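Following: one structure in structure tokens, then a few remarks.
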Amino acid sequence: MSSRTRRGLEHAGRVCRLYDLNAELPSPAAHSYPTDLAALVLQRWDEALAAGQTDRIRPDATALTAVLSTCYQATLLREEGRPVTFRLAVSDPDAFDAAAGPPSGLHRLLFTRRLPLDPHELRRLAPAAVFSRSLIGVTLTPQGGPEMWGIIHSGPHWLQPVRGGRARAQAIPDVLTIAATGPGRLLVSIGAITLAELQSGTLSGVEMDLFQSRWVQDRLSEMGRLHSRKHDHRGERNIAINAPSAALLAGNVLRRMVATVRATQHGGTLIIIPQHRVDEVLSNGRHMRVKYSFTDEEPRRRIVTLVRAIMNEVTRLDDDGTALGWHGDQTGAVGQLGHLDEALFEVAHFLADLTHVDGTVLVTDSLEVLGFGVEIAGELPEVTRVARALDLEGTDRAWVRTDRVGTRHRSAYRLCQALHEALALVVSQDGALRFIRWHIDGVTYWEQLATGPFEI
């Protein structure tokens, strides 16, 4: 994998400060559309060029606007009652090796004749190019407008690093990519580098990823502080979970869980509380009532067990005396690290499945799963206003009313007002993610529109 691609993957999942006010603010702002999205994409493209993140020449503004406008119109259509979703790779066919294919490469097939790019043709073609497994190839021609030249089959492995997993040998194609993830929702990227997103008339770029904030990193590092270095009963070295590694792996679990909840379009809530408040919260019922609680044994702490096993494995020395690392032994399909990664992936999916039951899922800072079907106490005082964070650490905030959001959000607001140490992750049915907690002098939320590029 090239250094540029690695730098791109480091930016995967980053979501920016909003360029438009959302519907919860007192006065509505003007909506943004494909022309505005194209302008932001070109601005971000120039910044990526200056930062050395890409060497791709930016497209013509008129041609880019035309493609984005066509994609936008296609997302407003429906195919047999289903939303139209797709990924476009805007590049000439020769950018893809004709002999390659999944799982390590991309399998591109050319149409015998090119088709004009228009909304209805996209609608008809999209079911054959399933979002998670294929792309539609598009080229910008000097005359006659953009044309569709074929389908590129990627398989699903490219989603692993995007959604918090280990990087695979297959990389996201390093070309201009447009992902249509729902009605009026477009995400534009160069390879794994997200440039801009348009959703619900709101523009966003690539400046803010909550999982990279200091306060979230510190919160997720709790897993490392709960354990100390020791040897197991066989005398093998058992690596203590250090704070940065714990934050990385715990963040990966949460990213995967959120991505899964978003994909179901069901919505859900995860409540995180400190370990030292567990007995109090579970026993007195003042803040919440847990309908389905789990017995206090190792399976409840399986995520901690897996993280510890992963840390042991990534620090294991290879034959040449170097540590394998999290992305080591990528070609070993049946390696121990691959098994552990898959196990962590399954736990994240399990957490997401628990959100389908009415109520919330309750975990500790170390992601110990306490129970689900949790009802936040209705007796808790209402919250009439909350602060909307405008930066990663919440130093810049704007106060907004709470009467324009649903029950799921208002319940989380009430809990975080009563239990200042609680952290709530609320996923709406439209896929929007909010981190909610008590901050400085009131309940504050951070909006993250996606947990990674290309999410649907």
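The values are calculated or read from the model by the stated rules, or taken from the named source; none is laboratory data. Computed from a predicted model, the values in this text were never measured in an experiment. Here the Cβ positions follow ideal geometry from the backbone for every residue, glycine too, while neighbour counts run over all protein chains shown. Heavy atoms of the whole protein, side chains included, go into the accessibility calculation; ligands, DNA and RNA do not. Shrake-Rupley method; radii C 1.70, N 1.55, O 1.52, S 1.80 Å.
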Residues satisfying the stated conditions in the range 290-310, i.e. surrounded by 16 or more Cβ atoms within 10 Å (Cβ to Cβ) and either part of a helix (DSSP H, G or I) or not small (Gly, Ala, Ser) (or both): Val290, Arg300, Arg301, Arg302, Ile303, Val304, Leu306, Val307, Arg308, Ala309, Ile310
For the range 93-122 the number of residues that are touching a residue at least 12 places away in the same chain (Cβ under 8 Å), of a type in the set (Gly, Ala, Ser) and open to solvent by 70 Å² or more (accessible area, probe 1.4 Å) is 1
Across the range 265-289, what is the number of residues that are in contact with a Ser or Thr (Cβ under 8 Å, 6 or more places away or on another chain) and open to solvent by 40 Å² or more (accessible area, probe 1.4 Å)? 3
Checklist (1) part of a helix (DSSP H, G or I); (2) modelled with pLDDT under 85; (3) open to solvent by 20 Å² or more (accessible area, probe 1.4 Å); (4) touching a Gly at 6+ places or on another chain (Cβ under 8 Å) applied to Phe211, failing item: (3)
Leu203 passes all but one of the listed conditions (1) open to solvent by less than 10 Å² (accessible area, probe 1.4 Å); (2) in a strand (DSSP E or B); (3) at pLDDT below 85; the exception is number (1)
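Can you tell which of Gln73, Gln43, Gln53 is under 24 Å from Ala129 (Cβ atoms) and either polar (S, T, N, Q) or in a loop (DSSP other than H, G, I, E, B) (or both)?
Matching residue, one of Gln73, Gln43, Gln53: Gln73.
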Among Pro161, Pro173, Pro127, the single one that is outside any strand (DSSP E or B), modelled with pLDDT of 90 or more and open to solvent by 10 Å² or more (accessible area, probe 1.4 Å) is Pro127
Top-ranked residue of the range 239-264 - restricted to ones that are of a type in the set (A, V, I, L, M), over 30 Å from Ser132 (Cβ atoms) and open to solvent by 10 Å² or more (accessible area, probe 1.4 Å), ranked as modelled with the highest pLDDT: Ala243
Restrict the check to the range 389-408 and report whether at least one residue is among the hydroxyl-bearing types (Ser, Thr, Tyr), closer than 21 Å to Gly285 by Cα and out of contact with any Gly (no Cβ under 6 Å at 6 or more places or on another chain). yes
For the range 133-152, pairs from a residue that is assigned to a loop (DSSP other than H, G, I, E, B) to a residue that is surrounded by fewer than 18 Cβ atoms within 10 Å (Cβ to Cβ) and acidic (Asp, Glu), with Cβ under 6 Å and 6 or more apart or across chains, are Thr141/Glu147
Taking Gly155, is it surrounded by 24 or more Cβ atoms within 10 Å (Cβ to Cβ), at pLDDT below 80, out of contact with any Ser or Thr (no Cβ under 6 Å at 6 or more places or on another chain) and not hydrophobic (A, V, I, L, M, F, W, C)? no
Among (1) surrounded by 20 or more Cβ atoms within 10 Å (Cβ to Cβ); (2) without any contact (Cβ under 8 Å) to a residue 12 or more places away in the chain; (3) not hydrophobic (A, V, I, L, M, F, W, C), Thr355 falls short only on (2)
Among the residues of the range 368-412 satisfying the criterion of being part of a strand (DSSP E or B) and either among the β-branched types (Val, Ile, Thr) or free of Cβ contacts under 8 Å to residues at least 12 places away in the same chain (or both), which is nearest to Pro274 (Cα to Cα)? Val369
The conditions are (1) farther than 25 Å from Gln265 by Cα; (2) open to solvent by less than 50 Å² (accessible area, probe 1.4 Å), and Ala51 fails exactly one of them. Which is it? (2)
Among the residues that make up the range 366-377, is at least one of them open to solvent by 10 Å² or more (accessible area, probe 1.4 Å), more than 30 Å from Leu88 (Cα to Cα) and among the charged types (D, E, K, R)? yes
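So that you can scan it fast, the table gives a plain yes or no per residue for (1) at pLDDT 90 or above; (2) more than 19 Å from Val253 (Cα to Cα); (3) β-branched (Val, Ile, Thr):
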site: Ile272; (1), (2), (3): yes, no, yes
site: Arg277; (1), (2), (3): yes, yes, no
site: His287; (1), (2), (3): yes, yes, no
site: Pro299; (1), (2), (3): yes, no, no
site: Arg302; (1), (2), (3): yes, no, no
site: Thr305; (1), (2), (3): no, no, yes
site: Ala309; (1), (2), (3): no, no, no
site: Asp319; (1), (2), (3): no, yes, no
